[in-house]
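One structure is given here, and the rest of the page talks about it.
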Amino acid sequence: MKKLYILLISLFCLSASSCSKWLDVMPKTSIPEEELFKNEFGFKDALTGLYLKMGTTELYGRELSYHYIDMLAGRYDLIPNIPNPEHLYNYEGTFKSTKNAFFLDMWNIIANLNNMLKFMELNRDVIRTPHYYETMKGEALALRAFLHFDLLRMFGPVYANNPDGKSIPYRHRLDNIATPVLPASEVIDLCLKDLHEAEALLDEHDSNIFNNNLKADQFTVMRQYRMNKWAVKATLARVYLYKGDAESKAKALKYADEVIESSQFLLYENNNENRILFDEVIFGIYVYEFNKVVDPDFINISPSSVLALSASKYEQLFEKKGAGVSDFRCGTYSFKSVKYDSVDKMVLQKYDQGGYRDDYSGKGAIPLIRLPEMYYIKAECEPNPKLAVEYINTVRFARGIALSDAIEGNSDFHALDTRPGYDGTKTVVVNELMKEYRKEFYGEGQLFYFYKRHDYRSFFGLPSSVDISEKYQLPLPADEITFGK
């Protein structure tokens, strides 16, 4: 590969008030790598462009947050142009282009990260601002792991059943040499290797600034929009939980606890003034003019475009006739009631962009990791049932659920669930966590991964005709199978 052209700079130019004049020497969409990485600004600009690329509609700006990945988890029963929910799982037909698009876009970002990491070593002397080299390298390594891990969660096997099953490649460099499709366990270990290297760099060099501090270097503020040190630790908690053996679960608990105890992120007790719960966001992405993306899906109520859930399923999901009566996750700032064909429907309002002061309070944000997940990871990994249930109840109480409706952590909490109406192949704690994931991460793209990790054979909203055990592993695009086998 003689020459690489960076294709992401135009994204930065669209979202910023201005771009450096040096970018104007050639077309915005074809910056040669030698030109881009000849000075410190080029590295900053490239990394910013990669974060913005993650926020496009094909990726976390829509499909991998509230849209397609949440459709697979049965979130909506009114989906435009999809009269039969079975079609959602037609990965090689109806949704082949959607699947292939986010697969290829994620690999594009990984390729650009690898190229940036290469030039960080070749041109290290041009990165002169203290802490920049370590911070940017830490972010790039962590993003590489984060993206590979999400690819594994989609295109890998059900890990608990088949950790050695073929999954995806893991790319450390940018070239045209075929990379083998690896067993899932090897991908996990490579993710952990990148994350631990990132952790060591960021622990010492991250600014730890999570607001728009005008007195600080503006490249080092609003760290929740970047792979900050706590986001790395939170991702480590996720990956160790996914690995799932006793030693890994102990590490997952440790990392989740570190994030909680950092006091950088606080649980909200209402969402009246901040629907996205921005102070809980450990890592998220910013979507430029996000209203243009979400308004057709949720705000401009139209039968031709809106995503919705039937009112009856909404009441069941949030336990409105029981403990959920006071849960703000299903309140008026979270859902709006509308009527289609004489049937009451509920439409998500979490991403309504009205009411935000500015881009520094949650406007344009999509959470990728939020604080409640750290409590849930601790609950799943904690062997003491009284402590485990305390972590779940902490989030429930913050959401407005009454103390009298606390979940009980008795001696059966880690035993198979024998309660009527619950999945008896799962433990009580897993079933309780499943219900909380359904409520807490509505529209955030995390529920499908929970179902897959625990190999649920049926779940709320899944068409009865779909054998989900055959649909948890999305098929690799044919070109990738050819290139990477």
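Lysine pairs in the stretch 158-272 8 or more apart or on different chains: how many have alpha carbons under 21 angstrom apart?
Going through the stretch 158-272 pair by pair, I get 17.
Might you work out the accessible area of Leu122 for me, using a 1.4 Å probe with all protein chains in place, and round it to the nearest 10 Å²?
Rounded to the nearest 10, the figure is 110 Å².
Could you provide, to the nearest whole Å², the per residue accessible area of the stretch 300-348 with probe 1.4 Å? Present the calculation step by step, with values, prior to reporting the outcome.
Working: 2410 Å² over 49 residues.
That works out to 49 Å² per residue.
Rounded to the nearest 0.05, what FRET efficiency do Lys96 and Asp359 give with R0 = 25 Å and r taken as the Cβ-Cβ distance? Could you check? Don't skip to the answer; put the middle values down first.
Values: r = 35 Å, r/R0 = 1.41.
Working from the Cβ atoms, E equals 0.10.
Once you list every other residue whose beta carbon is under 10 Å from the beta carbon of Gly364, what net charge do they have if Lys and Arg are +1 and Asp and Glu are -1?
Numbers: positive: Lys363; negative: Glu289, Asp358, Asp359.
Summing Lys and Arg as +1 and Asp and Glu as -1 gives -2.
Ranked from the most accessible area to the least, with a 1.4 Å probe and all protein chains present, what is the order of Thr56, Thr94?
On the way: Thr56 25, Thr94 70 Å².
Per-residue accessible area, sorted high to low, gives Thr94, Thr56.
Mind checking the stretch 143-195 for trypsin sites (Lys or Arg not before Pro) that DSSP puts in a loop (not H, G, I, E or B) and that have at most 14 other Cβ atoms within 10 Å?
Details: sites: Arg144, Arg153, Lys166, Arg171, Arg173, Lys193; in loops: Arg171, Arg173.
Those that pass, being in a loop and sparsely packed, are Arg173.
Expressed as a whole percentage, what fraction of the accessible surface of the chain belongs to carbon and sulfur atoms when a 1.4 Å probe is rolled over the protein heavy atoms?
On the way: 9950 of 19650 Å².
With neighbouring chains kept in place, the figure for the chain is 51 percent.
What does the accessible area of Thr220 come to, in Å² to the nearest 10, when a probe of 1.4 Å is used?
30 Å²
State whether the stretch 262-313 is rounded, prolate or oblate according to the following rule on the C-alpha gyration tensor (a ≥ b ≥ c being the square roots of its eigenvalues): a/c under 1.5 gives rounded; otherwise a/b larger than b/c gives prolate, and the remaining case gives oblate. Could you put the intermediate results ahead of the total?
On the way: a/c = 3.02, a/b = 1.66, b/c = 1.82.
Verdict is oblate for the stretch 262-313.
Over the heavy atoms of Ser248, what accessible area does a 1.4 Å probe trace out, to the nearest 10 Å²?
Probe radius 1.4 Å; accessible area of Ser248 about 10 Å².
Could you tell me which GluC sites (Glu not before Pro) in the stretch 206-269 are loop residues by DSSP with no more than 13 other beta carbons within 10 angstrom of their beta carbon? If you can, show how the numbers build up before the last one.
Working: sites: Glu247, Glu258, Glu261, Glu269; in loops: Glu269.
Filter output for the stretch 206-269: Glu269.
If you filter the stretch 311-379 for trypsin sites (Lys or Arg not before Pro), then keep DSSP loop positions with at most 12 other Cβ within 10 Å, what is left? Before the final figure, lay out each step's value.
Values: sites: Lys313, Lys320, Lys321, Arg329, Lys336, Lys339, Lys345, Lys350, Arg357, Lys363, Arg370, Lys378; in loops: Lys320, Lys321, Lys350, Arg357, Lys363.
Passing sites in the stretch 311-379 are Lys321, Arg357.
Report the one residue of Val389, Leu104, Ala234 whose Cα lies farthest in the direction of the positive end of the charge dipole of the chain (charges on C-beta: Lys and Arg +1, Asp and Glu -1; origin at the Cα centre).
Leu104
Determine the shape class of the stretch 314-383: with a ≥ b ≥ c the square roots of the Cα gyration tensor eigenvalues, call it rounded for a/c under 1.5, and otherwise prolate if a/b is greater than b/c, oblate otherwise.
Details: a/c = 2.58, a/b = 1.14, b/c = 2.27.
Note, shape of the stretch 314-383 comes out oblate.
The values are calculated or read from the model by the stated rules, or taken from the named source; none is laboratory data. Since the structure is predicted, the reported quantities are computational estimates derived from the model, not experimental observations. Ideal geometry is used to build each Cβ from the backbone, glycine not excepted, and the neighbour counts take in all protein chains shown. With ligands, DNA and RNA removed, areas are computed over all heavy atoms of the protein, side chains included. Shrake-Rupley method; radii C 1.70, N 1.55, O 1.52, S 1.80 Å.
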